[in-house]
Amino acid sequence: MLRMAALAVLVLSGLLLLLIVFKKKLGWAWLSLFGTHLLLAALGIYIVNFSGLLTDIYIPLNPATIGAVTVLGLPGVLMLMGLKLTLF
């Protein structure tokens with residue numbers, strides 16, 4: 001019962017999101033912008049991991065780290081580096 005309710009909420013929210021995207025005439029421009037940010041986020045983390053400047057820092061490429069860097073940009077990479085140095 002709870003699983004069906006969660007699935008219904010997921011489907012409804014997805015349909016409403018599509019309605020908003022196409023009703024506001026956003027088109028596909030936002031998708032290319034998001035893809036560019038995603039690619040640059042992965043590239044920034046990759047550069048930190050394999051540049052050799054800081055040998056004790058390795059930031060894994062997973063959805064959480066890439067998402068943080070996609071949203072925050074370069075300060076997101078610095079945040080992840082600071083968290084890695086502080087916590088681990």
(request) Note down the nm distance, to one decimal, between modelled labels 7 Å out along Cα→Cβ at residue 38 and at residue 64. (result) 2.0 nm
(message) If you wrap a convex hull around the alpha carbons of the chain, what volume per residue comes out, as a whole number of Å³?
(response) 117 Å³
(request) May I ask you to compute the full-extension gain from residue 19 to residue 7, defined as 0.36 nm times their residue separation minus their alpha-carbon distance, rounded to one decimal in nm? (result) 2.5 nm
(message) Please compute the length gained on full extension between residue 78 and residue 54, using 0.36 nm multiplied by the number of residues separating them and subtracting their Cα-Cα distance.
(response) 7.4 nm
(request) Rounded to whole Hz and in sequence order, give me ³J(HN,Hα) for region 18-23 from the Karplus expression 6.51 cos²θ - 1.76 cosθ + 1.60, θ = phi - 60°, writing x for Gly and Pro. (result) 5, 4, 5, 4, 7, 6
(request) Starting with the highest mean, order 69-82, 39-52, 5-18 by the number of other Cβ atoms within 10 Å, averaged over the residues of each peptide. (result) 69-82, 39-52, 5-18
(message) Suppose all protein chains stay in the model; what accessible area per residue would a 1.4 Å probe give for region 22-88, in Å²?
(response) 75 Å²
(request) Provide the gained length on full extension for the span residue 29 to residue 85, in nm with one decimal, where the gain is 0.36 nm per separating residue minus the Cα-Cα distance. (result) 16.5 nm
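The values are calculated or read from the model by the stated rules, or taken from the named source; none is laboratory data. Here the structure is a predicted model, which is why all the values come from computation and not from measurement. In this analysis, Cβ positions are derived from the backbone assuming ideal geometry, glycine residues included, and neighbour counts consider all displayed protein chains. Just so you know, the surface numbers come from the protein's heavy atoms only, side chains and all, with ligands and any DNA or RNA stripped out. Shrake-Rupley method; radii C 1.70, N 1.55, O 1.52, S 1.80 Å.
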